[in-house]
1. Of all the C-alpha pairs in the stretch 338-473, what % are more than 23 Å from each other?
2. Put a dot 7 Å past each Cα toward the Cβ at Glu436 and Ala116; how far apart are the dots in nm?
3. Could I have the simple spin-label model distance between Leu353 and Arg267, label points 7 Å from Cα toward Cβ, reported in nm to one decimal?
4. Work out the P(r) tail for the stretch 302-404: percent of alpha carbon pairs separated by more than 20 Å, whole number.
5. How charged is the neighbourhood of Leu433? Take every other residue with its Cβ under 12 Å from the Cβ of Leu433, and add Lys/Arg as +1 and Asp/Glu as -1.
6. Give me the net charge of Thr304's neighbourhood, meaning all other residues with Cβ under 13 Å from the Cβ of Thr304; Lys, Arg count +1, Asp, Glu -1.
7. Once amide H atoms are built 1.01 Å from N in the peptide plane, which residues 5 or more positions from Phe124, or in another chain, come under 5 Å H to H?
8. For the stretch 258-317 and the stretch 392-454, what is the centre-to-centre distance using only Cα atoms, to the nearest Å?
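The values are calculated or read from the model by the stated rules, or taken from the named source; none is laboratory data. Being a predicted model, the structure only gives us computed values, none of them experimental. Cβ atoms come from the backbone with ideal geometry, glycine included; neighbour counts cover every protein chain shown. Each accessible area value is taken on the protein alone, full model and side chains, heavy atoms only, with ligands, DNA and RNA left out. Shrake-Rupley method; radii C 1.70, N 1.55, O 1.52, S 1.80 Å.
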Amino acid sequence: MFRSAIVGVMVVTASAGLLAADWPMWGGTPSRNMVSDEKGMPTTWDIKTGKNVKWVAELGSQSYGNPTVAEGVVLVGTNNEAMRDPKQGGDRGVLMAFREETGEFMWQATFEKLAAGRANDWPFQGIASSPLIMRGVAYFTTNRGTIVAADLQGFHDGENDGTVKDEKLTGKTDPDILWTFDMIEEVGAFPHNLANCSPVADGGLLFCSTGNGQDESHVNVPSPKAPSIIALEIESGKLRWEDNSVGENVLHGQWSTPAVGDIGGVRQVVHAQGDGWVRAYEATSGKKLWEFDTNPKDSVWPKTRNEVISTPVIVDNVVYISNGQDPEHGEGVGHAYAIDGTKRGDITKTGMLWHFDKIRRSISTAAVKDGMVYLADFSGFLHCVDAKTGKPFWTHDMFAAIWGSPMLIGDKVYLGDEDGDVTVIEHSKTFKLVSEQNMGSSVYATAVPANGKLFIMNRNQLYALQEGAQLKK
Ligand SMILES: [Ca+2]
Ligand SMILES: [Ca+2]
């Protein structure tokens with residue numbers, strides 16, 4: 001791992017310059033803004049003829065995480081239906097690592113389902129966390145509610161790294177675990193259906209949602225004292241701080257993932273929590289700075305009151321967030337906001353810059369650039385609104401549910417839908433369709449740009465697209 005750590009530092013240094021960039025976490029950066037400056041991305045491709053397809057990798061039957069790409073490796077969470085090791089059979093959460101240039105399978109980390117069953121670990125959902133890759137290490141949340149730090153190079157470096165040295169399987173395709181933190185054992189979390197957090201790091205700390213939620217009664221919160229968010233020391237996995245402002249007020253589960261950014265000169269961790277509120281903390285201490293209710297006071301769960309599944313996006317002291325519900329709950333009313341994160345206390349009134357109520361329930365994360373905010377909803381609409389006022393410039397109907405997030409790459413917006421269509425649209429205050437491609441099955445993930453390539457998943461495959469590439473059939 002030591003050698004790869006050095007490479008990691010070099011890549012970080014280089015990416016500050018003009019070179020093409022890795023996409024080392026959900027959202028690319030801790031602010032989680034779904035924006036990339038990559039150039040030369042394909043705007044058309046064809047998975048049938050292989051045009052502009054560099055490689056394709058087979059995944060399990062459901063893949064709800066999003067790929068991350070760094071230091072020459074692509075990581076993606078899936079289930080075990082594309083079993084790569086007969087010794088690790090049955091239903092499991094799986095994290096797979098592929099070589100970025102070739103798509104060659106490197107290693108996998110598999111995790112048996114929790115004995116508690118669907119209450120905590122829904123069958124066949126796999127790993128839905130998007131790993132953070134930093135300095136040769138991958139950090140992710142498993143279906144078992146554990147946070148795992150694993151060597152990005154696995155055992156390919158010929159060394160067993162980290163404090164965990166007693167791995168039972170130490171072959172080339174097995175994971176080299178550095179440390180683990182069990183959120184169920186250590187902080188009493190009761191993940192509702194599935195823990196899915198995509199960790200974010202800052203100042204030597206790793207921030208993660210615990211997924212703490214209701215039990216199957218959908219009334220009781222069995223572990224009301226468990227935190228919603230925790231901060232771990234990134235080197236050791238030791239707990240530094242936690243917060244459980246939500247207590248027993250969890251509406252359902254907690255599936256949003258934190259963001260980090262400078263807001264009003266303060267390093268803040270911003271997290272949308274299970275009572276439908278967004279809360280911000282001073283990153284190093286965990287001191288709560290502000291909280292914002294994303295629901296109208298007269299709303300009623302589950303008809304009109306929502307949880308928050310999308311990720312907060314931080315741009316220029318402003319937090320952009322949409323609320324919504326578990327896709328299983330179907331369509332309904334939604335709300336999107338721009339929040340002034342320099343305010344303190346309950347800022348539901350004082351911090352609200354605008355409220356966009358034409359959006360439907362949403363689980364998508366925003367893309368913000370050039371005074372425009374792209375917001376997608378579960379009813380299939382992509383909205384382009386004014387970043388200053390929240391007034392819509394245009395709305396586009398995709399005619400299928402949207403689970404992923406709009407990704408703005410250069411001057412094009414990429415967005416997939418449940419019909420498997422990926423639509424490419426001009427980044428503009430007037431709507432202009434560029435192209436539409438079908439991926440063969442539902443696209444639940446977000447298009448991920450990295451190093452001149454575009455990574456798009458359908459239900460069970462990961463495609464690396466590149467302008468000028470031709471996949472041999
Ligand atoms: Ca190793
Ligand atoms: Ca190890």
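1. When all Cα pairs of the stretch 338-473 are counted, 37 percent exceed 23 Å.
2. 4.2
3. The modelled label-to-label distance comes out at 2.3 nm.
4. On the way: 1744 of 5253 pairs.
Taking all Cα-Cα pairs of the stretch 302-404, the fraction more than 20 Å apart is 33 percent.
5. Numbers: positive: Lys412, Lys432; negative: Asp397, Asp421, Glu426, Glu436.
Here the count lands on -2.
6. Details: positive: Lys297, Lys303, Arg305, Arg360, Arg361; negative: Asp298, Glu307, Glu331, Asp357.
It works out to a net charge of +1.
7. It is none; the list stays empty.
8. Each part reduced to its Cα centre gives a spacing of 26 Å.
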